[in-house]
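Quick notes on the structure that follows.
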Amino acid sequence: MVGTGGPVASFSVWDYVVFAGTVLGAAAIGLFQAFRGRKETSSAEFLLGGRQMTAVPVAMSLTASFMSGITVIGTPAEAYRYGTPFWLFSISYSIMSAITAEIFVPLFYRLGITSTYEYLEMRFNKAIRVVGTSMYIIQTALYTGMVIYAPALALNQITGLDLWGVLVATGAVCILYCTLGGLKAVIWTDVFQMVIMLAGFVAVIAQGAVLQGGLTKIWDDARQGGRLNTFDFDPDPLKRHTFWTIVVGGSLMWVSIYSINQSQVQRYISCKTMTHAKMSLYVNMVGLWATVSLAMFSGLAMYSIYKNCDPLTNSDVEAPDQMLPYLVMAILAEFPGVPGLFVAAAYSGTLSTVSSSINALVAVTVEDFIKPKWSNLSEKQVSWINMGLSVFFGALCIAMAAVASLMGSILQAALSIFGMISGPLLGLYLLGMFLRSANSTGGLVGLITGLIVTLWVGIGAQVYPPLPDKTLPLNVSVAGCLYNNSHSQDSNFTTMAPWSSAVTLTPLPPDDRPEIADNWYSLSYLYFCPLGSLVTIIIGMAVSAATGGCKQRKVRPELFVRKRDLFCFSCCTDSPQTQEPAMTEKSGKVNLAFVETEPHFKEKEVEKITQL
């Protein structure tokens, strides 16, 4: 009987067929893109799809790369354990989309950059560009390794799929189509994977509604269980999820991911026009709304089914991330192939994130380290380097997954590093884009100071996780369990999740917990990014003022955000007459990369610019 605990069915032959077919389908799409574009071997084609992508596939790719396997299985667990405050991220996605589309896209697009960190050298100096790129590579490699490992571990313990076999297969598939197909292969496989992920959520919700007697019953159970208390306007920055932490902190966190993270920026600057680039972000916003809504409702359906028999407390599963796979095997096993579809959905999230990361890591390595040092490389040599680096970074991510398997508690720390590093970097970009007096000394000191502060609070929160009065887990019950597997009901345990949507079973802290743990270290993980940005900007401004600002170095005006860039489609037409050509840092020559992206650029206009 579903919802009363105990063992569940295992994978059938059809489930393996569906799962394998989905993975092979993703590889086939990537190989098709590689075959279709076999005559196009330029670096721009490999890294940016020839800058000829359109809004809808790029938007779906942006959404898919956000939906890692951790998101697919972690967000429903969030709704089950903490209710619907997470739904407020829909507001954060809207704010993020507007800021990114109207402030960052016009700047990056008209500069014709490939690596986001090219801007740091244009605005400050090469040293800051190298530091920013290095921070990104470390952050992305570690995060991607965790993205590979976490879903594999959860699904292995539920479905019996061989852990290391799946890890290596995941990496191998991503390496294959990233190496041969470049960004086009990544984007079109992301589109396919996006459809699979949403189908997995729909299957869970539909069957849950059938078992529980309709969506209304699921909603009523969630209301009675306190899962619908979405709005908490408490301004306390130490509470994990409130309206303010999500809307303010969450918005800035997602801005840091979409506006300056190479994985995301590389997609929308691959669009053939600026209008397509902007529209991709707004269509992506709708995709994010749909994704988080389906994930949250899947969690509410799970609560409706297990409201009287919590699988975690009853020891049917060992971690909250295993709860949704456990539910799938319990309610969908009677439909051969459907559990395989869900597993494919979770792994599609992993594939999309890993492939995005590999392609972005290749882009920043080539543009920020290799091309500046060996500028005379031919296109063919650069293409071979691109493919070789795809293999290298794919293997590195698999290796990081192996490291993750040896560091149980490091998972949440690794996920939080994403926000801790992105915050100071966002502050550095804002410093350069809006403050004309900021110089390279101020930028570097501000960046390092912001990073130190966020690492301090983040590592402290790992050592001393926030208490339940800040994380606010909701009540669960085992009163209806027919199969009692629990061996820890008399133990003193609570659930805590200081940084991510995943929750961990953690013993209550000892009495000698230091005072700093209950104030500074208990800061909501969503405020890590705003904290890092704010510290970077304040310190950067102060040091720049103390070191003379930019008096000794004239900064080109096209490196700043312009008034006509802001919130205006009509002023951001695809005509290059409305855009200022980007200038290279050293030679002052016109960068015609952005010209090549504009099919309407007349020959006379090209000649006019080249004569500048």
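The values are calculated or read from the model by the stated rules, or taken from the named source; none is laboratory data. Because the structure is a prediction, the values reported are computed rather than measured. Note: ideal-geometry Cβ built from the backbone for every residue, glycine included; neighbour counts use all protein chains shown.
Candidates S92, S97, S115: the one that is over 17 Å from F434 (Cα atoms) and surrounded by fewer than 23 Cβ atoms within 10 Å (Cβ to Cβ) is S92.
Only residues that are surrounded by fewer than 24 Cβ atoms within 10 Å (Cβ to Cβ), more than 12 Å from M60 (Cα to Cα) and not hydrophobic (A, V, I, L, M, F, W, C) were counted in segment 262-302, giving 6.
Can you pull out every residue in segment 6-20 that is within 17 Å of Q193 (Cα to Cα) and either exposed (fewer than 14 other Cβ atoms within 10 Å of the Cβ) or in contact with a strand residue (DSSP E or B) (Cβ under 7 Å, 6 or more places away or on another chain) (or both)? Scanning segment 6-20 gives V17, A20.
Per-residue answers, yes or no, for (1) modelled with pLDDT under 90; (2) over 30 Å from W520 (Cβ atoms):
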{"residue": "G171", "(1), (2)": "yes, yes"}
{"residue": "A185", "(1), (2)": "yes, yes"}
{"residue": "T189", "(1), (2)": "yes, yes"}
{"residue": "V195", "(1), (2)": "yes, yes"}
{"residue": "L211", "(1), (2)": "no, yes"}
{"residue": "I218", "(1), (2)": "no, yes"}
{"residue": "Q224", "(1), (2)": "no, yes"}
{"residue": "L238", "(1), (2)": "no, no"}
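Here Y483 fulfils each of the conditions (1) assigned by TED's automatic domain parsing to the domain that holds W520; (2) in a loop (DSSP other than H, G, I, E, B); (3) of a type outside the set (S, T, N, Q) apart from (1). The helices (runs of 4 or more DSSP H) found entirely in segment 338-454 that carry 1 or more residues being among the β-branched types (V, I, T), modelled with pLDDT of 80 or more and crowded, with 24+ Cβ neighbours inside 10 Å are 338-365, 410-434.
Of all residues in segment 120-160, exactly one satisfies the criterion of being aliphatic (A, V, I, L, M), out of contact with any helix residue (DSSP H, G or I) (no Cβ under 6 Å at 6 or more places or on another chain) and modelled with pLDDT under 80, namely L153. On the stretch given as segment 60-118, residues that are small (G, A, S) and more than 25 Å from S293 (Cα to Cα) total 2.
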